[in-house]
1. Given the -39500 (n - 2.57) contribution per DSSP H run of 4+ residues, what per-residue ellipticity at 222 nm results for the chain, rounded to the nearest 500 deg cm²/dmol?
2. In the chain, how does Rg compare with the Kirkwood Rh, expressed as the Rg/Rh ratio over alpha carbon atoms?
3. Run the dipole for the range 52-191 about the Cα centre, Lys and Arg Cβ at +1, Asp and Glu Cβ at -1, nothing else charged, and hand back the magnitude in debye, nearest 20.
4. What number, in nm² with one decimal, is the all-direction average of the projected area of the convex hull of the alpha-carbon atoms of the range 129-200?
5. Highest mean first, what order results for 104-117, 77-90, 35-48 on Cβ atoms within 10 Å?
6. Given the C-alpha centroids of the range 95-141 and the range 9-65, what is the distance between them in whole angstrom?
7. Among Ile56, Ile172, rank each residue by its count of other Cβ atoms within 10 Å, from fewest to most, as a rough exposure measure.
8. Taking the chain, how many lysine pairs are there with alpha carbons less than 28 Å apart, if each pair must be eight or more places apart or span two chains?
Amino acid sequence: MTQQKLLDAAIEAFSENGFKGTSTRDIADRAGVHHPLITYHFKNKDQLWRAAADRIFREFNIALVKATSDVPEDQHRARAEMFIRTYVRYAHRQPALHKFILQESSHPSARLDWLVDNHLRPLFEIVVRSLRQLQELGIAPPGDPALLFNMIRVSAGGLLALSEEIKGTSNIDLDSEHALDELADMIIRCFLPGNGNTRH
């Protein structure tokens, strides 16, 4: 229970303030536990950050597996659509998914390298292979599949990470079910425009 409280508080704090802007005392205060319990459970701030990142991405991967498990592997477009819808929903439910990345991406660091090696590149490699296949089937547009994947994920998670600003400037409430569905629908229309009947 204490570990879960600390992880919840750490995810919130690191998302808001980044690694350098977050103190372990702040995390302990948010969790409502005594400060020494952080070093008891996680050794130091770096280990707590990694444990928080592990939980975010592990839960994201579980959500993806569950969402696509009922879609046959030969239904390439349906699986891609389910991936996008799940991505949008999880990024909304857990905005730290992208905020952790944004906080670490402003400059090179050992944490960013660790995040790439342990969580980002494995997903990237799987999705890029799938996108290349979708391009061959005429479902996804031609071009560098790596760039295409990054455009898709920024269109989903990046917009949701900016939800407060978007509400202020555009009067779009990305907390609403309708807006989330429309966002997923538009991403699918933009990035999966083909019907699969032609090959590039």
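What follows is calculated from the coordinates using simple rules that are stated; it is not laboratory data. Values in this document were obtained by computation on a predicted structure and should not be read as measured data. Every residue, glycine among them, receives a Cβ derived from its backbone with ideal geometry; neighbour counts consider all protein chains shown.
1. After summing the helix terms and dividing by the residues of the chain, the value is -21500 deg cm²/dmol.
2. Dividing the radius of gyration by the Kirkwood radius yields 1.02.
3. With only Lys, Arg, Asp and Glu charged at Cβ, the dipole is about 220 debye.
4. If you wrap the Cα atoms of the range 129-200 in a convex hull and average its projections, you get 5.2 nm².
5. Per-residue Cβ counts within 10 Å, averaged per peptide and sorted highest first, yield 77-90, 35-48, 104-117.
6. Using only Cα atoms to place each centre, the spacing works out to 21 Å.
7. Arranged by neighbour count, lowest to highest, Ile56, Ile172 become Ile172, Ile56.
8. 12
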